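Worksheet: one structure, shown below.
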Amino acid sequence: MEDKQFIYAVARVRHHELSLLSDQFIDRLIHSESVKAALDTLNTQGWDGDDPDSILNNQENSIWDFVSELVDDLSVFDVFLLKNDCHNLKAAIKSSYMGLKPEDTPVLDRAITDPATVIKAVSEKDFSRLPESMQQSAADALEEIFRTHDGHMSDTIIDRATLDAIRAAGKRSQTPVLSLYSEVTIASSDIKIAVRGADTKASREYFELAIAPCDTLDKDELVSAALAGKDAVCEYLMRTKYADGVPELKKSISAFERWCDNLLIDYIKPQIHNPSTLGPVAAYILARQNEIKTVRIVISGIENNLGDESIRERVRAMYV
């Protein structure tokens, strides 16, 4: 992008940041007496829709509709969409295994690869239709689920390939926010895999497959710690940049996920001072995805009668 394009894009982002949800708004949302009351509150902020799914989907689509107006090449933000491709590939493989029709496959529209292409590639076992980074994992995952009937291992194969793709995208990026997102995403995933695997006494073979390399964790040490148990994982993490998250990890995986998301928000806030890069645009995408995730948590909490304090423990910090 040229300097004038950066200035224009950042100016548009600054204007849209004024409509981002605040911590105070989220607190008000938590106090909603019902899901309908929560949706009515969201409607006052321009979150339109008749039900939670439509409202959240509309907001996710609005992010990319807006960003597409700012940049000519959305591929610079592929790192954010890889998780949607991961979801779609998993869905296509499970649908194939269960014998479902393509139209019954629950895919996400916003993805790098057209969902219909993914479904067709899996149903015809023609993986050359897919991006190179997905081809081998798609073939291996499909074979795994039909051979062993183990959907978890099939998902693990795809998850690992996705983490590797996220890392590659982060390495290619010239935007620090995208590199940070990539690193924190991989590290937090690795840590959750280690803790869950430690609880179920998973094998070394599983950990070697599931845990992806990243710059802020030593994979060999994390695998060894996971084999020794959750306490060993926590002990290892105390020697890393994720030490402050250990108390949350000891509470629960969900508490640790919240800590990681808040850490990322803290990382991206300085991007407000970088008007000559794509940083503010990337930060805006993350901020919007963060508030969508938080609203989903709040609505789910209200639906399940969790209570205000229980919901509040799960919500993320807002960007503004």
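Summary of values
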| read-out | value |
| --- | --- |
| All positions within the range 111-130 that are part of a loop (DSSP other than H, G, I, E, B) and surrounded by fewer than 15 Cβ atoms within 10 Å (Cβ to Cβ) | D114, K125, D126 |
| Set K250, K241, K269, K201: member being in contact (Cβ under 8 Å) with a residue 12 or more places away in the chain and not in a helix (DSSP H, G or I) | K241 |
| Index of the failed condition, Q289 passing every other in (1) part of a helix (DSSP H, G or I); (2) surrounded by 14 or more Cβ atoms within 10 Å (Cβ to Cβ); (3) outside the structural domain of V35 (by TED's automatic domain parsing) | (3) |
| Residue satisfying all of: in the range 150-181; at pLDDT 95 or above and of a type in the set (S, T, N, Q); farthest from V281 (Cα to Cα) among these | S154 |
| Selected residue (criterion: nearest to S179 (Cα to Cα)) from residues of the range 48-102 that are among the acidic types (D, E) and in a helix (DSSP H, G or I) | D78 |
| Residue check for V233: among the β-branched types (V, I, T) and in contact with a Cys (Cβ under 8 Å, 6 or more places away or on another chain) | no |
| Subset of the range 167-182 (residues that are in contact with a Lys or Arg (Cβ under 8 Å, 6 or more places away or on another chain) and either buried (at least 23 other Cβ atoms within 10 Å of the Cβ) or among the charged types (D, E, K, R) (or both)) | S182 |
| Residue among D164, D155, D190 that alone is in the same structural domain as S95 (by TED's automatic domain parsing), in a helix (DSSP H, G or I) and within 17 Å of I253 (Cβ to Cβ) | D155 |
| Residues (over 20 Å from the mean Cα position of the chain (by Cα), touching a residue at least 24 places away in the same chain (Cβ under 8 Å) and assigned to a loop (DSSP other than H, G, I, E, B)) located in the range 204-229 | G229 |
| Single match in A287, A232 (criterion: farther than 25 Å from T200 by Cα and either in contact (Cβ under 8 Å) with a residue 40 or more places away in the chain or not acidic (D, E) (or both)) | A287 |
| Checklist (1) within 27 Å of E205 (Cβ to Cβ); (2) modelled with pLDDT of 95 or more; (3) out of contact with any Lys or Arg (no Cβ under 9 Å at 6 or more places or on another chain) applied to A141, failing item | (3) |
| Selection count where residues are of a type outside the set (A, V, I, L, M, F, W, C), under 14 Å from F80 (Cα atoms) and in contact (Cβ under 8 Å) with a residue 60 or more places away in the chain, scope the range 150-174 | 3 |
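The values are calculated or read from the model by the stated rules, or taken from the named source; none is laboratory data. Nothing here was measured: the structure is a model prediction, and the numbers come from that model. We place every Cβ from the backbone using ideal geometry, glycine too, and count neighbours over all the protein chains shown.
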